[in-house]
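Structure first, commentary second.
The values are calculated or read from the model by the stated rules, or taken from the named source; none is laboratory data. Being a predicted model, the structure only gives us computed values, none of them experimental. Here the Cβ positions follow ideal geometry from the backbone for every residue, glycine too, while neighbour counts run over all protein chains shown. Protein only, heavy atoms only, side chains kept; ligands, DNA and RNA dropped before computing areas. Shrake-Rupley method; radii C 1.70, N 1.55, O 1.52, S 1.80 Å.
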Amino acid sequence: MKDVIGKVCVHTSSDALITRLEAFAAPLLTDLGMELVEVQFRREGQGWVLRFFIDKEGGITVDDCAAVSREVSAYLEVEDCIDHAYVLEVSSPGLERPLKKPQDFTRFTGRRVRIKLRQDSGMGKVLIGTLLGLEGDEIVLLVDQTKLTLHREQISRARLTLD
């Protein structure tokens, strides 16, 4: 679902804006029985796009996206935290959703994942395997019949995959 939002005027960095929006949206979505997966704010093509990826058990509906879009739009209108035009999008993260929170690595145990490692990790760039879960602060992964344990700090990005 897309909504065009007009110009509002207060200067803030993208990272600070994302942190502020996550702090607003996460409890709101919890109250609505949903989960905030990710917030993105980036320049694409001709303009800026603010994306909220939301999820819940059983999947997200168009009505869920519309409800969240209305709440976020109202918040942004009152708070004046973006100083240029942008498009607001609210959607499901899709089948290849990112894994960010510790509970994601528990919830999706047994699923195929693609993990991009930080360049300084020394293990290669991308691992594809079966998520075995979370042990303490370490992610356990089965790659080519080999069990690997990764510290969360070694991971640049992790997501479910259909590969």
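Quick notes
- In the range 118-133, the qualifying residues are those that are out of contact with any strand residue (DSSP E or B) (no Cβ under 7 Å at 6 or more places or on another chain) and open to solvent by 40 Å² or more (accessible area, probe 1.4 Å), and the one that is nearest to Glu96 (Cα to Cα) is Gln119.
- Residue match in the range 154-161 (condition: touching a residue at least 40 places away in the same chain (Cβ under 8 Å), part of a strand (DSSP E or B) and surrounded by fewer than 16 Cβ atoms within 10 Å (Cβ to Cβ)): yes
- Here the range 60-100 is the region considered, the condition is being within 26 Å of Arg152 (Cβ to Cβ) and in a loop (DSSP other than H, G, I, E, B), and the residue that is farthest from the chain's Cα centre (by Cα) is Leu95.
- Within the range 34-59, tally of residues that are open to solvent by less than 40 Å² (accessible area, probe 1.4 Å), outside any strand (DSSP E or B) and at pLDDT below 95: 1
- All of (1) aliphatic (A, V, I, L, M); (2) modelled with pLDDT under 95; (3) under 16 Å from Val37 (Cβ atoms) hold for Val113 with one exception: (2).
- So Ser73, is it touching an Asp or Glu at 6+ places or on another chain (Cβ under 9 Å), farther than 30 Å from Gly133 by Cβ and in contact (Cβ under 8 Å) with a residue 24 or more places away in the chain: yes
Here's the yes/no breakdown for (1) in contact with a helix residue (DSSP H, G or I) (Cβ under 9 Å, 6 or more places away or on another chain); (2) without any contact (Cβ under 8 Å) to a residue 40 or more places away in the chain; (3) acidic (Asp, Glu):
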residue: Phe24; (1), (2), (3): yes, no, no
residue: Phe41; (1), (2), (3): yes, no, no
residue: Gly59; (1), (2), (3): no, yes, no
residue: Val62; (1), (2), (3): no, no, no
